[in-house]
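Undergrad: Take this structure, written in C-alpha coordinates, and hold onto it; I'll ask about it next.
The values are calculated or read from the model by the stated rules, or taken from the named source; none is laboratory data. None of these values were measured; they are calculated from a predicted model. Methodologically, a virtual Cβ is constructed for each residue, glycine included, from the backbone with ideal geometry; neighbour enumeration extends over all protein chains shown.
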Amino acid sequence: MAKAVRIEGLVRAANAVRRELVGPVTPDRRERLKTAVAENLRKVQEILRENRARLEHLPAPSQRAYRFLAGVNWAGVPTARAVDGHAPPLPVTSVSWRGLSSFVNRTLDRLGTDLTAGELSQARGAIARTSRQIELSIGRRQIPPDRLTPATRELRGWVAFFSREQGLADYVQARSAASRILDAAAATSRHYPPPLVIHFRPMTGIYKLRPSKRGPVLWLPTPMIAFDAAALGALAELVFDRSRDAKQRVILLLTGVGYQAVRAELDALGGTVDLTRGAAHDLAASFDRVNSAYFGGKMHRPRLTWNRTFTGRKFGHYDWILDTVMVSRTLDSPEVPEFAVDFLVFHELLHKFHGLHWVNGRGYAHTQEFQQSELKFARFHEAEAILQQLAKVNRQ
(Lines give C-alpha, C1' and ligand atoms only; values in the text may rest on other atoms or scores of the structure.)
Protein backbone atom coordinates (compact mmCIF):
# COMPACT_ATOMS: atom_id res chain seq x y z
CA MET A 1 0.00 0.00 0.00
CA ALA A 2 1.45 3.37 -1.02
CA LYS A 3 2.24 5.76 1.80
CA ALA A 4 1.08 9.35 1.95
CA VAL A 5 3.03 11.67 -0.35
CA ARG A 6 3.70 15.36 0.27
CA ILE A 7 4.61 17.78 -2.52
CA GLU A 8 5.94 21.10 -1.28
CA GLY A 9 4.55 24.24 -2.93
CA LEU A 10 1.63 22.74 -4.88
CA VAL A 11 -1.05 24.70 -3.01
CA ARG A 12 1.07 27.86 -3.19
CA ALA A 13 1.48 27.43 -6.95
CA ALA A 14 -2.28 26.97 -7.43
CA ASN A 15 -3.06 30.11 -5.43
CA ALA A 16 -0.48 32.10 -7.43
CA VAL A 17 -2.06 30.99 -10.71
CA ARG A 18 -5.52 31.83 -9.40
CA ARG A 19 -4.43 35.36 -8.47
CA GLU A 20 -3.10 35.94 -11.98
CA LEU A 21 -6.25 34.64 -13.63
CA VAL A 22 -8.40 37.15 -11.73
CA GLY A 23 -7.35 39.93 -14.12
CA PRO A 24 -6.85 39.97 -17.88
CA VAL A 25 -3.44 38.72 -19.02
CA THR A 26 -1.73 39.08 -22.38
CA PRO A 27 -2.01 36.09 -24.72
CA ASP A 28 1.72 35.55 -24.33
CA ARG A 29 1.46 35.54 -20.53
CA ARG A 30 -1.48 33.13 -20.72
CA GLU A 31 0.57 30.70 -22.80
CA ARG A 32 3.51 30.93 -20.40
CA LEU A 33 1.18 30.25 -17.47
CA LYS A 34 -0.36 27.34 -19.34
CA THR A 35 3.09 25.86 -20.00
CA ALA A 36 4.17 26.34 -16.37
CA VAL A 37 1.00 24.68 -15.09
CA ALA A 38 1.41 21.76 -17.47
CA GLU A 39 4.99 21.32 -16.22
CA ASN A 40 3.84 21.39 -12.58
CA LEU A 41 1.18 18.77 -13.29
CA ARG A 42 3.74 16.61 -15.10
CA LYS A 43 6.11 16.79 -12.11
CA VAL A 44 3.31 15.83 -9.72
CA GLN A 45 2.47 12.80 -11.83
CA GLU A 46 6.17 11.88 -11.98
CA ILE A 47 6.50 12.08 -8.18
CA LEU A 48 3.39 9.95 -7.76
CA ARG A 49 4.72 7.31 -10.14
CA GLU A 50 8.08 7.22 -8.35
CA ASN A 51 6.28 6.62 -5.07
CA ARG A 52 3.79 4.18 -6.61
CA ALA A 53 1.03 6.46 -5.38
CA ARG A 54 -2.15 8.02 -6.69
CA LEU A 55 -3.56 11.51 -6.37
CA GLU A 56 -5.61 10.30 -3.39
CA HIS A 57 -2.37 9.76 -1.45
CA LEU A 58 -1.68 13.51 -1.42
CA PRO A 59 -2.98 15.66 1.47
CA ALA A 60 -6.50 16.94 0.78
CA PRO A 61 -5.41 20.59 0.11
CA SER A 62 -2.86 19.36 -2.44
CA GLN A 63 -5.50 17.22 -4.13
CA ARG A 64 -7.78 20.23 -4.46
CA ALA A 65 -4.92 22.40 -5.76
CA TYR A 66 -4.05 19.76 -8.37
CA ARG A 67 -7.67 19.49 -9.53
CA PHE A 68 -7.85 23.28 -9.84
CA LEU A 69 -4.71 23.44 -11.98
CA ALA A 70 -5.82 20.50 -14.10
CA GLY A 71 -9.24 22.05 -14.63
CA VAL A 72 -8.24 25.56 -15.77
CA ASN A 73 -10.11 26.43 -18.97
CA TRP A 74 -7.29 28.24 -20.75
CA ALA A 75 -9.46 29.12 -23.73
CA GLY A 76 -11.78 31.00 -21.38
CA VAL A 77 -9.07 33.03 -19.60
CA PRO A 78 -9.69 36.74 -20.35
CA THR A 79 -6.83 38.35 -22.24
CA ALA A 80 -5.73 41.94 -22.70
CA ARG A 81 -3.64 43.40 -25.47
CA ALA A 82 -0.37 45.09 -24.65
CA VAL A 83 -0.67 48.87 -24.60
CA ASP A 84 2.01 50.93 -26.40
CA GLY A 85 4.09 47.81 -26.69
CA HIS A 86 4.03 47.17 -22.93
CA ALA A 87 2.31 44.22 -21.27
CA PRO A 88 -0.04 44.85 -18.33
CA PRO A 89 1.92 44.74 -15.09
CA LEU A 90 2.06 41.37 -13.37
CA PRO A 91 0.81 41.04 -9.77
CA VAL A 92 3.48 42.06 -7.28
CA THR A 93 4.42 40.25 -4.13
CA SER A 94 2.41 41.14 -1.03
CA VAL A 95 4.03 43.91 1.00
CA SER A 96 4.74 43.96 4.71
CA TRP A 97 6.97 46.09 6.96
CA ARG A 98 9.84 44.44 8.74
CA GLY A 99 9.69 45.20 12.44
CA LEU A 100 6.16 46.68 12.46
CA SER A 101 4.69 43.80 14.45
CA SER A 102 7.53 43.98 16.98
CA PHE A 103 7.04 47.74 17.32
CA VAL A 104 3.32 47.32 18.04
CA ASN A 105 4.04 44.56 20.58
CA ARG A 106 6.59 46.73 22.39
CA THR A 107 4.14 49.63 22.40
CA LEU A 108 1.38 47.41 23.78
CA ASP A 109 3.66 46.28 26.61
CA ARG A 110 4.43 49.91 27.37
CA LEU A 111 0.76 50.92 27.30
CA GLY A 112 -0.03 47.99 29.58
CA THR A 113 1.52 49.91 32.47
CA ASP A 114 0.61 53.20 34.14
CA LEU A 115 2.47 55.96 32.29
CA THR A 116 3.17 59.54 33.28
CA ALA A 117 1.95 62.31 31.00
CA GLY A 118 5.48 62.68 29.62
CA GLU A 119 5.86 58.96 28.96
CA LEU A 120 2.47 58.86 27.26
CA SER A 121 3.50 61.79 25.03
CA GLN A 122 6.69 59.95 24.07
CA ALA A 123 4.70 56.80 23.24
CA ARG A 124 2.31 58.76 21.02
CA GLY A 125 5.25 60.43 19.29
CA ALA A 126 6.78 57.05 18.47
CA ILE A 127 3.45 55.75 17.14
CA ALA A 128 2.92 58.89 15.05
CA ARG A 129 6.43 58.69 13.53
CA THR A 130 5.91 55.06 12.62
CA SER A 131 2.54 55.82 11.05
CA ARG A 132 4.00 58.70 8.99
CA GLN A 133 6.86 56.51 7.75
CA ILE A 134 4.41 53.83 6.61
CA GLU A 135 2.15 56.31 4.82
CA LEU A 136 5.07 58.05 3.12
CA SER A 137 6.40 54.71 1.92
CA ILE A 138 2.99 53.63 0.64
CA GLY A 139 2.54 56.93 -1.17
CA ARG A 140 6.01 56.95 -2.67
CA ARG A 141 5.76 53.33 -3.89
CA GLN A 142 2.06 53.70 -4.82
CA ILE A 143 1.11 50.50 -3.03
CA PRO A 144 -2.64 49.76 -3.21
CA PRO A 145 -4.27 48.24 -0.09
CA ASP A 146 -4.76 44.84 -1.73
CA ARG A 147 -0.97 44.45 -2.01
CA LEU A 148 -0.53 44.78 1.74
CA THR A 149 -0.78 41.55 3.69
CA PRO A 150 -3.91 41.32 5.88
CA ALA A 151 -1.74 41.47 9.02
CA THR A 152 0.01 44.58 7.72
CA ARG A 153 -3.31 46.31 7.01
CA GLU A 154 -4.42 45.62 10.59
CA LEU A 155 -1.18 46.94 12.05
CA ARG A 156 -1.26 49.97 9.75
CA GLY A 157 -4.77 50.79 10.96
CA TRP A 158 -3.73 50.33 14.60
CA VAL A 159 -0.79 52.74 14.47
CA ALA A 160 -2.78 55.29 12.45
CA PHE A 161 -5.68 55.20 14.93
CA PHE A 162 -3.51 55.58 18.03
CA SER A 163 -1.16 58.13 16.50
CA ARG A 164 -3.93 60.63 17.23
CA GLU A 165 -4.08 62.20 20.67
CA GLN A 166 -7.75 61.36 21.23
CA GLY A 167 -7.29 57.78 20.04
CA LEU A 168 -4.47 57.16 22.52
CA ALA A 169 -6.41 58.88 25.30
CA ASP A 170 -9.31 56.51 24.62
CA TYR A 171 -6.89 53.56 24.80
CA VAL A 172 -5.53 54.65 28.18
CA GLN A 173 -9.01 55.23 29.58
CA ALA A 174 -10.24 51.86 28.28
CA ARG A 175 -7.24 50.01 29.73
CA SER A 176 -7.73 51.67 33.10
CA ALA A 177 -11.43 50.73 33.22
CA ALA A 178 -10.74 47.21 31.97
CA SER A 179 -7.98 46.69 34.55
CA ARG A 180 -10.23 47.77 37.39
CA ILE A 181 -13.18 45.55 36.39
CA LEU A 182 -11.28 42.52 35.12
CA ASP A 183 -8.76 42.49 37.97
CA ALA A 184 -11.65 42.37 40.43
CA ALA A 185 -13.13 39.40 38.57
CA ALA A 186 -9.73 37.67 38.42
CA ALA A 187 -9.24 37.94 42.20
CA THR A 188 -10.77 34.49 42.73
CA SER A 189 -8.88 32.87 39.83
CA ARG A 190 -6.29 30.25 40.74
CA HIS A 191 -4.58 30.24 37.35
CA TYR A 192 -4.75 33.93 36.41
CA PRO A 193 -4.42 36.05 39.57
CA PRO A 194 -4.39 39.85 39.14
CA PRO A 195 -3.02 42.21 38.11
CA LEU A 196 -3.68 41.45 34.46
CA VAL A 197 -1.62 42.92 31.62
CA ILE A 198 -4.26 44.08 29.14
CA HIS A 199 -3.62 44.69 25.43
CA PHE A 200 -6.16 46.07 22.96
CA ARG A 201 -4.67 44.75 19.74
CA PRO A 202 -5.33 43.35 16.25
CA MET A 203 -6.51 39.76 16.80
CA THR A 204 -9.21 37.23 16.00
CA GLY A 205 -11.69 35.91 18.54
CA ILE A 206 -13.26 37.54 21.59
CA TYR A 207 -10.24 37.32 23.92
CA LYS A 208 -7.04 35.41 24.61
CA LEU A 209 -5.73 34.89 28.14
CA ARG A 210 -2.33 33.35 28.79
CA PRO A 211 0.23 33.30 31.59
CA SER A 212 3.56 35.09 31.34
CA LYS A 213 6.50 35.97 33.56
CA ARG A 214 5.04 39.43 34.07
CA GLY A 215 1.65 38.05 35.07
CA PRO A 216 -1.46 37.00 33.13
CA VAL A 217 -1.76 38.71 29.73
CA LEU A 218 -5.24 39.35 28.36
CA TRP A 219 -5.55 40.17 24.66
CA LEU A 220 -8.70 41.99 23.57
CA PRO A 221 -9.73 43.12 20.06
CA THR A 222 -8.85 46.78 19.53
CA PRO A 223 -12.48 47.95 19.02
CA MET A 224 -13.25 46.88 22.61
CA ILE A 225 -11.88 50.27 23.68
CA ALA A 226 -15.50 51.32 23.01
CA PHE A 227 -16.82 49.04 25.80
CA ASP A 228 -18.36 50.80 28.80
CA ALA A 229 -18.36 49.48 32.38
CA ALA A 230 -21.42 47.26 31.82
CA ALA A 231 -19.90 45.72 28.71
CA LEU A 232 -16.60 45.12 30.51
CA GLY A 233 -18.56 43.48 33.32
CA ALA A 234 -20.13 41.04 30.86
CA LEU A 235 -16.68 40.37 29.40
CA ALA A 236 -15.31 39.67 32.89
CA GLU A 237 -18.10 37.11 33.46
CA LEU A 238 -17.28 35.44 30.18
CA VAL A 239 -13.51 35.28 30.81
CA PHE A 240 -13.58 34.10 34.41
CA ASP A 241 -16.98 32.45 34.91
CA ARG A 242 -17.40 31.06 31.35
CA SER A 243 -21.04 32.09 31.58
CA ARG A 244 -23.15 31.23 28.52
CA ASP A 245 -25.41 34.17 29.26
CA ALA A 246 -22.36 36.44 29.32
CA LYS A 247 -21.20 35.07 25.98
CA GLN A 248 -24.54 35.97 24.42
CA ARG A 249 -24.35 39.50 25.83
CA VAL A 250 -20.76 40.00 24.69
CA ILE A 251 -21.45 38.78 21.14
CA LEU A 252 -24.41 41.17 20.91
CA LEU A 253 -22.11 43.97 22.12
CA LEU A 254 -19.58 43.08 19.43
CA THR A 255 -22.26 43.70 16.80
CA GLY A 256 -23.29 46.97 18.46
CA VAL A 257 -22.79 50.51 17.18
CA GLY A 258 -19.83 51.48 19.39
CA TYR A 259 -17.69 48.44 18.64
CA GLN A 260 -18.56 48.44 14.94
CA ALA A 261 -17.81 52.17 14.57
CA VAL A 262 -14.26 51.68 15.88
CA ARG A 263 -13.80 48.53 13.77
CA ALA A 264 -14.91 50.36 10.63
CA GLU A 265 -12.49 53.22 11.28
CA LEU A 266 -9.61 50.82 11.89
CA ASP A 267 -10.45 49.01 8.65
CA ALA A 268 -10.55 52.30 6.72
CA LEU A 269 -7.20 53.44 8.14
CA GLY A 270 -5.62 50.08 7.35
CA GLY A 271 -6.91 50.06 3.79
CA THR A 272 -10.19 48.53 2.70
CA VAL A 273 -9.88 45.66 0.23
CA ASP A 274 -12.73 44.24 -1.82
CA LEU A 275 -11.67 40.79 -3.00
CA THR A 276 -14.83 39.79 -4.82
CA ARG A 277 -13.48 38.90 -8.22
CA GLY A 278 -12.25 35.37 -8.71
CA ALA A 279 -10.84 33.44 -11.65
CA ALA A 280 -14.28 32.15 -12.70
CA HIS A 281 -16.89 33.92 -10.55
CA ASP A 282 -17.45 37.39 -9.09
CA LEU A 283 -18.99 37.50 -5.60
CA ALA A 284 -20.17 41.09 -6.10
CA ALA A 285 -22.23 40.03 -9.13
CA SER A 286 -23.51 37.02 -7.19
CA PHE A 287 -24.58 39.26 -4.29
CA ASP A 288 -26.41 41.62 -6.65
CA ARG A 289 -28.37 38.74 -8.21
CA VAL A 290 -29.28 37.22 -4.85
CA ASN A 291 -30.12 40.55 -3.23
CA SER A 292 -32.43 41.48 -6.09
CA ALA A 293 -34.15 38.09 -6.31
CA TYR A 294 -34.59 37.25 -2.62
CA PHE A 295 -34.18 40.38 -0.50
CA GLY A 296 -35.91 42.97 -2.69
CA GLY A 297 -32.60 44.76 -3.21
CA LYS A 298 -32.71 45.96 0.41
CA MET A 299 -29.93 43.85 1.90
CA HIS A 300 -26.96 45.99 2.94
CA ARG A 301 -23.94 44.49 1.24
CA PRO A 302 -21.50 42.86 3.67
CA ARG A 303 -17.82 42.49 2.92
CA LEU A 304 -17.43 39.74 0.33
CA THR A 305 -14.24 37.77 -0.05
CA TRP A 306 -12.78 34.51 -1.26
CA ASN A 307 -10.87 32.62 1.39
CA ARG A 308 -7.13 32.03 1.07
CA THR A 309 -7.09 28.34 0.25
CA PHE A 310 -9.05 25.40 -1.13
CA THR A 311 -11.42 23.83 1.40
CA GLY A 312 -12.90 20.36 1.28
CA ARG A 313 -16.36 20.40 2.84
CA LYS A 314 -17.04 23.85 4.32
CA PHE A 315 -17.64 26.20 1.40
CA GLY A 316 -18.79 29.39 3.10
CA HIS A 317 -18.94 31.32 6.34
CA TYR A 318 -20.67 34.45 7.64
CA ASP A 319 -18.99 36.44 10.40
CA TRP A 320 -21.56 38.49 12.34
CA ILE A 321 -18.92 40.59 14.08
CA LEU A 322 -17.03 41.52 10.90
CA ASP A 323 -20.16 41.47 8.69
CA THR A 324 -18.24 39.37 6.18
CA VAL A 325 -19.24 36.61 3.80
CA MET A 326 -16.30 34.35 2.99
CA VAL A 327 -16.57 31.83 0.15
CA SER A 328 -14.20 28.92 -0.46
CA ARG A 329 -11.88 29.19 -3.45
CA THR A 330 -12.93 25.63 -4.25
CA LEU A 331 -16.12 27.10 -5.78
CA ASP A 332 -14.16 29.52 -7.98
CA SER A 333 -14.06 27.13 -10.90
CA PRO A 334 -15.73 27.05 -14.32
CA GLU A 335 -16.89 23.54 -13.38
CA VAL A 336 -19.08 25.03 -10.63
CA PRO A 337 -22.19 26.65 -12.15
CA GLU A 338 -23.08 30.23 -11.35
CA PHE A 339 -26.32 29.30 -9.60
CA ALA A 340 -24.42 27.05 -7.12
CA VAL A 341 -22.23 30.00 -6.10
CA ASP A 342 -25.35 32.15 -5.82
CA PHE A 343 -26.94 29.56 -3.54
CA LEU A 344 -23.91 29.54 -1.26
CA VAL A 345 -23.96 33.36 -1.10
CA PHE A 346 -27.73 33.22 -0.44
CA HIS A 347 -27.17 30.74 2.40
CA GLU A 348 -24.59 33.01 4.07
CA LEU A 349 -26.76 36.11 3.62
CA LEU A 350 -29.58 34.30 5.39
CA HIS A 351 -27.32 34.13 8.43
CA LYS A 352 -26.99 37.92 8.26
CA PHE A 353 -30.75 38.29 7.76
CA HIS A 354 -31.92 35.96 10.54
CA GLY A 355 -29.09 36.40 13.04
CA LEU A 356 -28.54 33.96 15.90
CA HIS A 357 -31.33 32.39 17.94
CA TRP A 358 -30.26 32.11 21.57
CA VAL A 359 -31.37 29.30 23.90
CA ASN A 360 -29.82 28.97 27.37
CA GLY A 361 -26.89 31.14 26.35
CA ARG A 362 -26.11 29.15 23.20
CA GLY A 363 -26.53 30.66 19.75
CA TYR A 364 -28.19 28.62 16.98
CA ALA A 365 -27.95 29.61 13.31
CA HIS A 366 -29.71 26.87 11.32
CA THR A 367 -33.13 27.25 12.88
CA GLN A 368 -36.37 25.97 11.37
CA GLU A 369 -37.11 29.51 10.14
CA PHE A 370 -33.69 29.63 8.49
CA GLN A 371 -34.23 26.29 6.76
CA GLN A 372 -37.64 27.36 5.48
CA SER A 373 -36.11 30.52 4.02
CA GLU A 374 -33.35 28.49 2.38
CA LEU A 375 -35.94 26.44 0.45
CA LYS A 376 -37.04 29.61 -1.36
CA PHE A 377 -33.93 29.46 -3.55
CA ALA A 378 -35.19 28.68 -7.05
CA ARG A 379 -32.77 25.80 -7.71
CA PHE A 380 -32.27 24.70 -4.13
CA HIS A 381 -32.13 20.94 -4.71
CA GLU A 382 -29.81 21.22 -7.73
CA ALA A 383 -27.42 23.52 -5.87
CA GLU A 384 -27.45 21.31 -2.77
CA ALA A 385 -26.63 18.27 -4.90
CA ILE A 386 -23.70 20.05 -6.57
CA LEU A 387 -22.20 21.17 -3.27
CA GLN A 388 -22.67 17.73 -1.72
CA GLN A 389 -20.99 16.08 -4.70
CA LEU A 390 -18.14 18.60 -4.54
CA ALA A 391 -17.69 17.86 -0.84
CA LYS A 392 -17.68 14.14 -1.61
CA VAL A 393 -14.99 14.55 -4.27
CA ASN A 394 -12.85 16.65 -1.92
CA ARG A 395 -13.22 14.28 1.04
CA GLN A 396 -10.04 12.40 1.92
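Undergrad: N291 - would you say it is over 30 Å from A16 (Cβ atoms) and in contact with a helix residue (DSSP H, G or I) (Cβ under 9 Å, 6 or more places away or on another chain)?
TA: Criteria met by N291.
Undergrad: What do you reckon, is F310 modelled with pLDDT under 85, crowded, with 18+ Cβ neighbours inside 10 Å and of a type in the set (F, W, Y)?
TA: It is true that F310 is modelled with pLDDT under 85, crowded, with 18+ Cβ neighbours inside 10 Å and of a type in the set (F, W, Y).
Undergrad: Inspect the stretch 165-178 for any residue being farther than 17 Å from I225 by Cβ and in the same structural domain as T113 (by TED's automatic domain parsing) and give the result as yes or no.
TA: The answer is no, given that none of the residues of the stretch 165-178 is farther than 17 Å from I225 by Cβ and in the same structural domain as T113 (by TED's automatic domain parsing).
Undergrad: Residues to consider are T255, T276, T222, T204; find the one that is without any contact (Cβ under 8 Å) to a residue 40 or more places away in the chain and closer than 30 Å to W358 by Cβ.
TA: Within the list T255, T276, T222, T204, the selection yields T204.
Undergrad: Looking at the structure I just gave you, is F227 among the aromatic types (F, W, Y), assigned by TED's automatic domain parsing to the domain that holds V359 and at pLDDT 90 or above?
TA: So F227 does not fit the description; no.
Undergrad: So for the stretch 169-192 (the condition being buried (at least 17 other Cβ atoms within 10 Å of the Cβ), touching a residue at least 24 places away in the same chain (Cβ under 8 Å) and part of a strand (DSSP E or B)), does at least one residue qualify?
TA: The answer is no; no qualifying residue exists.
Undergrad: Can you work out which of the residues in the stretch 255-306 that are within 30 Å of G167 (Cα to Cα) and of a type in the set (D, E, K, R) is surrounded by the fewest Cβ atoms within 10 Å (Cβ to Cβ)? Spell out the reasoning first.
TA: Taking the stretch 255-306 and keeping what is within 30 Å of G167 (Cα to Cα), we get 255-275, 300-305.
Next cut, of a type in the set (D, E, K, R) only: 263, 265, 267, 274, 301, 303.
Values: R263: 20, E265: 15, D267: 18, D274: 13, R301: 15, R303: 17.
Filtering the stretch 255-306 for residues that are within 30 Å of G167 (Cα to Cα) and of a type in the set (D, E, K, R), the one surrounded by the fewest Cβ atoms within 10 Å (Cβ to Cβ) comes out as D274.
Undergrad: Considering L41, L55, L33, which residue is touching an Asp or Glu at 6+ places or on another chain (Cβ under 8 Å) and free of Cβ contacts under 8 Å to residues at least 60 places away in the same chain?
TA: Result of the check over L41, L55, L33: L33.
Undergrad: Check off (1) at pLDDT 80 or above; (2) farther than 21 Å from L390 by Cβ; (3) surrounded by 12 or more Cβ atoms within 10 Å (Cβ to Cβ) for A16 and give me the number that stays unchecked.
TA: Result: A16 passes all but (1).
Undergrad: Using the structure shown, decide if A123 is surrounded by 15 or more Cβ atoms within 10 Å (Cβ to Cβ), assigned to a helix (DSSP H, G or I) and out of contact with any helix residue (DSSP H, G or I) (no Cβ under 7 Å at 6 or more places or on another chain).
TA: Numbers: surrounded by 15 or more Cβ atoms within 10 Å (Cβ to Cβ): yes; assigned to a helix (DSSP H, G or I): yes; out of contact with any helix residue (DSSP H, G or I) (no Cβ under 7 Å at 6 or more places or on another chain): no.
Answer is no for this residue.
Undergrad: Going through the stretch 355-373 one residue at a time, which ones are in contact (Cβ under 8 Å) with a residue 12 or more places away in the chain, farther than 29 Å from D241 by Cα and surrounded by fewer than 16 Cβ atoms within 10 Å (Cβ to Cβ)?
TA: Selection gives E369 alone.
Undergrad: Return the total of residues in the stretch 195-219 being surrounded by 13 or more Cβ atoms within 10 Å (Cβ to Cβ) and modelled with pLDDT of 90 or more.
TA: Count: 17.
Undergrad: List the number of the failed condition for V104; all other conditions in (1) at pLDDT 95 or above; (2) in contact with a Lys or Arg (Cβ under 6 Å, 6 or more places away or on another chain); (3) not acidic (D, E) hold.
TA: In the conditions (1) at pLDDT 95 or above; (2) in contact with a Lys or Arg (Cβ under 6 Å, 6 or more places away or on another chain); (3) not acidic (D, E), V104 misses (2) alone.
Undergrad: Of the residues in the stretch 279-308, how many are of a type in the set (S, T, N, Q) and closer than 12 Å to T324 by Cα?
TA: Going through the stretch 279-308 one residue at a time, the tally reaches 2.
Undergrad: I'd like the full set of residues that are under 27 Å from the mean Cα position of the chain (by Cα) and in a loop (DSSP other than H, G, I, E, B), limited to the stretch 342-376.
TA: The answer is G355, L356, G361, A365, H366, T367.
For every residue, the table says whether it meets (1) part of a helix (DSSP H, G or I); (2) surrounded by fewer than 15 Cβ atoms within 10 Å (Cβ to Cβ); (3) among the small types (G, A, S).
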| site | (1), (2), (3) |
| --- | --- |
| R32 | yes, yes, no |
| A36 | yes, yes, yes |
| E46 | yes, yes, no |
| R49 | yes, yes, no |
| R52 | no, yes, no |
| E56 | yes, yes, no |
| S62 | yes, no, yes |
| A65 | yes, no, yes |
| L69 | yes, no, no |
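Undergrad: Shifting gears a bit: Return the pair list, or none, for Cβ contacts closer than 8 Å from residues in the stretch 130-156 that are farther than 12 Å from L269 by Cβ to residues that are aromatic (F, W, Y) and modelled with pLDDT of 90 or more, at least 6 apart or on different chains.
TA: Partner pairs satisfying both residue conditions: T130/F103.
Undergrad: Restricting attention to the stretch 377-394, report how many residues are over 26 Å from the mean Cα position of the chain (by Cα) and either surrounded by 15 or more Cβ atoms within 10 Å (Cβ to Cβ) or modelled with pLDDT of 90 or more (or both).
TA: 7
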